[in-house]
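S.K.: This structure is in structure tokens; I'll ask about it shortly.
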2 protein chains.
Amino acid sequence: MPIAVPALLAHPKFAAAAAYLEGAHDRLIEEIIQLTEIPAPPFKEERRAAAFLEMMRPAGFADAKLDAIGNVVALRKGRSGGGMIVLSAHLDTVFPEGTDVSVRREGTKLFAPGIGDDTRGLAALLAFARALDAAAIETEADLLFVADVGEEGRGDLRGIRHLFTEGEFRDRITGFFTFDSPDMDELVVTAVGSRRYHVVFRGPGGHSFSAFGTVNPAYALAETVLGLSRMSVSSETRTTFSASVLGGGTSINAIPEEVFVDVDLRSISPEDLARIDTELHRLVDTAVANENARGSTESGAITAEAVLIGDRPAGATPRDSLIVTASAEALAAFGFEVGFRASSTDANIPMSLGVPAVMIGTGGKGGRAHTLAEWIDVEPETSLRGLKAGLAAFLGVVGLCD
Amino acid sequence: MPIAVPALLAHPKFAAAAAYLEGAHDRLIEEIIQLTEIPAPPFKEERRAAAFLEMMRPAGFADAKLDAIGNVVALRKGRSGGGMIVLSAHLDTVFPEGTDVSVRREGTKLFAPGIGDDTRGLAALLAFARALDAAAIETEADLLFVADVGEEGRGDLRGIRHLFTEGEFRDRITGFFTFDSPDMDELVVTAVGSRRYHVVFRGPGGHSFSAFGTVNPAYALAETVLGLSRMSVSSETRTTFSASVLGGGTSINAIPEEVFVDVDLRSISPEDLARIDTELHRLVDTAVANENARGSTESGAITAEAVLIGDRPAGATPRDSLIVTASAEALAAFGFEVGFRASSTDANIPMSLGVPAVMIGTGGKGGRAHTLAEWIDVEPETSLRGLKAGLAAFLGVVGLCD
């Protein structure tokens, strides 16, 4: 049985776990720094994963291990064995290899790329794991701690996608928390879906003057992009599009042989996302046909290829589901004004599969994520208040045995 | 005194020079390959220039040198010193650094980027220089061999522009041949004028999802480029346009702050060139206004800037000038059906200054210039017939001493 948040907060074992977090706050900071200084670029999370694994094992997880995609997974059995709640944070950062990830400290502020998004989350998982042991907490359902790969950008949520589609526990997970970034004021309960394309238009090329009249892939691209700009979308479903990156062509006096545009499509509605996805393909096909009709195809025709480079499913967790109500109550109990938010996070995957999921903060303050100036503030009062709210949120769902 | 083409062809020294070209045809092919495999991207002709200089010196040009802009210039004094005829070919190709320029051979066909435009021309200059020496030919006027930089694209004819405006021989040149590309059937006597623009569209940018609705410079670019493709132009005045290079944007999840398109406009009619130039500016202005009306300008509006990056003057050489009549007679004598043609070549500069000039072929056959599939055919009969016609053309102008 889950436990209502007010009862949980009054429980002596919760008090003991919270006290452990207070006493271990310096260790949390040390571990944030230690993990931040291990680079974890996209698709290169191995070193940080290995370090995290070595830190989980002595925290009561002798069986913690790497799964096939590179996630660290560590199971803490509950009494009933009837359900399994995931507590996750992501290993990867957006920063490429060679980025200086050394941490600079100014008072309670720590500066380093990736420190808030999401290295503090990893350290929080370690603190939660030790706090449960320190307070001798037995839970009703199982807890699965997961430090996952591939949350950012081209990683395309591959760590959590694997967990839910191929991982050993894929059929047993009944709830999912991702602890991502310091801010506690917003609870992500809606998954923004996205489809991302690298659309390449190709043609025979030729000399701009002597081959004038030959089909030009830039004109098919232009018609596609202009059509994109005129798509009608619903603001209610937060449906959006963007022509984001352009490129191609080699010389001012050559008709290009190849040009491309990168297109980002998003929506919180799977139907609307599918509709604009279809519309994009239709725009490409029409533009290609029009350019092949307009120009000469004697040396070759225009072709196009829309390469899918990102695919994140939309979804949502009902506002009245336990994971949302418990999280909101826990946050409110610790003084946070909770806003419900839509975003694209690891929670997209469970939400799209109907598994109740939220993204919740990791405590403290932070800013400038995805820039080299990223920072967090570990001032203890705010930092600990956030951690305790997170502890209460997941214990409210997983249930505390007497 | 120039020499009439029939008399020239009957001259034993011409026969000796022609015989030299026949005997040196394999060497011509070797040097075409050797020079083609030295990359000469726009603005990076140094390596090929240095190699060409080292090949000219032993061909009787101990004083061959690089001029201030990077052209290789080699003077062969004539008897009278009264005039100076330039024999030129261009060093640069349209292909960027890193392009595979290795030559693939299939029978008499050679494939490589830049091999016909204009690397064969460089090898032809070397063959001409050696043929004159081998036949102990003394000319009336001076001959200035020039392997020039910057004929293609953004180079904007800077090598030949320098030769005529700042070079040491600028006031002495009385005629100008540029040997450019294999085809011998067409003699360029009209300079196609061009105006080239780097059109930059700028906007406030923003996150593709959270700032959705913000104006996007890619949409203004797309409307401009699509409008360009629909411009009506006259084929009589050979008026042409091309959207040639695209770029901009930083990330799939960001509305770009800046995108660009490079546009090439040409015509043999100064009036038509001015008209499409005005039309391009109108398209840009309209597209910018439309995008600012479509999207939100709360964080800033779209602006555009059309930077002039190429401006090649139109011009023509009179049909009754010696350089045209001698070239046409020489070509006809070697069995070519000569068509007078308009193009944008190094000859634009002398033509616009009133210095008689032509572009003439380098012999053989070729195709797919400005593409990675560029090829030439060095089948000896056609290749040598073209070279001999070129030799006869310039000797008909420069004059042969007995």
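S.K.: Would you confirm whether or not region A:54-68 contains a residue that is open to solvent by less than 20 Å² (accessible area, probe 1.4 Å) and part of a helix (DSSP H, G or I)?
M.R.: Taking every residue of region A:54-68 in turn, at least one turns out to be open to solvent by less than 20 Å² (accessible area, probe 1.4 Å) and part of a helix (DSSP H, G or I).
To keep it simple, each residue is scored yes or no on (1) of a type in the set (Val, Ile, Thr); (2) within 23 Å of the chain's Cα centre (by Cα); (3) assigned to a loop (DSSP other than H, G, I, E, B); (4) surrounded by 21 or more Cβ atoms within 10 Å (Cβ to Cβ).
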| residue | (1), (2), (3), (4) |
| --- | --- |
| A:Glu97 | no, yes, yes, no |
| A:Ser102 | no, no, yes, no |
| A:Arg105 | no, no, no, no |
| A:Pro113 | no, yes, yes, yes |
| A:Leu122 | no, yes, no, yes |
| A:Leu125 | no, yes, no, yes |
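S.K.: Of the conditions (1) more than 18 Å from B:Asn290 (Cβ to Cβ); (2) open to solvent by less than 20 Å² (accessible area, probe 1.4 Å), B:Glu236 fails just one. Which one is it?
M.R.: (2)
S.K.: Do the conditions hold for B:Ala129, that is, is it open to solvent by less than 10 Å² (accessible area, probe 1.4 Å) and at pLDDT 95 or above?
M.R.: The answer is yes for B:Ala129.
S.K.: Can you name every residue in region B:208-243 that is within 9 Å of chain A (Cβ to nearest Cβ) and in a strand (DSSP E or B)?
M.R.: Within region B:208-243, B:Thr240, B:Phe241, B:Ser242, B:Ala243 meet the criteria.
S.K.: Oh, and also: Within region A:146-156, identify whether any single residue is of a type in the set (Lys, Arg), at pLDDT below 95, open to solvent by 10 Å² or more (accessible area, probe 1.4 Å) and in a helix (DSSP H, G or I), and answer yes or no.
M.R.: yes
S.K.: I'd like to check something: does region A:158-167 contain any residue that is within 27 Å of A:Glu374 (Cα to Cα) and within 11 Å of chain B (Cβ to nearest Cβ)?
M.R.: No, region A:158-167 has no match at all.
S.K.: Sort out for me the strands (runs of 3 or more DSSP E) sitting completely within region B:308-370 that have 2 or more residues that are open to solvent by 10 Å² or more (accessible area, probe 1.4 Å) and either touching a residue at least 24 places away in the same chain (Cβ under 8 Å) or out of contact with any Pro (no Cβ under 7 Å at 6 or more places or on another chain) (or both).
M.R.: Result: B:339-343, B:365-367.
S.K.: Taking the conditions exactly as written (buried (at least 24 other Cβ atoms within 10 Å of the Cβ) and assigned to a helix (DSSP H, G or I)), does B:Asp118 satisfy them or not?
M.R.: yes
S.K.: Might you let me know whether region A:189-205 holds any residue that is away from chain B (no Cβ under 13 Å) and either open to solvent by 10 Å² or more (accessible area, probe 1.4 Å) or not small (Gly, Ala, Ser) (or both)?
M.R.: yes
S.K.: With of a type outside the set (S, T, N, Q), farther than 24 Å from B:Thr174 by Cα, in contact with a helix residue (DSSP H, G or I) (Cβ under 6 Å, 6 or more places away or on another chain) and in the same structural domain as B:Pro350 (by TED's automatic domain parsing) as the only criterion, which of B:Ala74, B:Ala64, B:Ala89, B:Ala112 stands out?
M.R.: B:Ala112
S.K.: Here is a list: B:Leu322, B:Leu353. Which entry is more than 17 Å from the chain's Cα centre (by Cα), at pLDDT 95 or above and assigned by TED's automatic domain parsing to the domain that holds B:Leu87?
M.R.: B:Leu322
S.K.: What number of residues within region B:245-268 are more than 7 Å from chain A (Cβ to nearest Cβ) and either part of a strand (DSSP E or B) or of a type in the set (Asp, Glu) (or both)?
M.R.: 7
S.K.: Looking only at residues that are closer than 27 Å to B:Leu372 by Cβ and β-branched (Val, Ile, Thr) in region A:260-308, which one is nearest to the chain's Cα centre (by Cα)?
M.R.: A:Val263
S.K.: Any residue at all in region A:209-218 that's crowded, with 24+ Cβ neighbours inside 10 Å, under 21 Å from A:Arg154 (Cα atoms) and either without any contact (Cβ under 8 Å) to a residue 24 or more places away in the chain or hydrophobic (A, V, I, L, M, F, W, C) (or both)?
M.R.: No, that holds for no residue.
S.K.: Residues of region B:3-50 being under 25 Å from B:Ile323 (Cβ atoms) and not in a helix (DSSP H, G or I), which ones?
M.R.: Residues satisfying the conditions are B:Ile3, B:Ala4, B:Ala10, B:His11.
S.K.: So B:Met56 fits all but one of (1) touching a strand residue (DSSP E or B) at 6+ places or on another chain (Cβ under 7 Å); (2) over 21 Å from B:Arg130 (Cβ atoms); what number is the exception?
M.R.: The one condition B:Met56 does not meet is (2).
The values are calculated or read from the model by the stated rules, or taken from the named source; none is laboratory data. Not measured: the values here are computed from a predicted model. Every residue, glycine among them, receives a Cβ derived from its backbone with ideal geometry; neighbour counts consider all protein chains shown. For the accessible areas, the whole protein counts, side chains as well, though only heavy atoms, and no ligand, DNA or RNA atoms are used. Shrake-Rupley method; radii C 1.70, N 1.55, O 1.52, S 1.80 Å.
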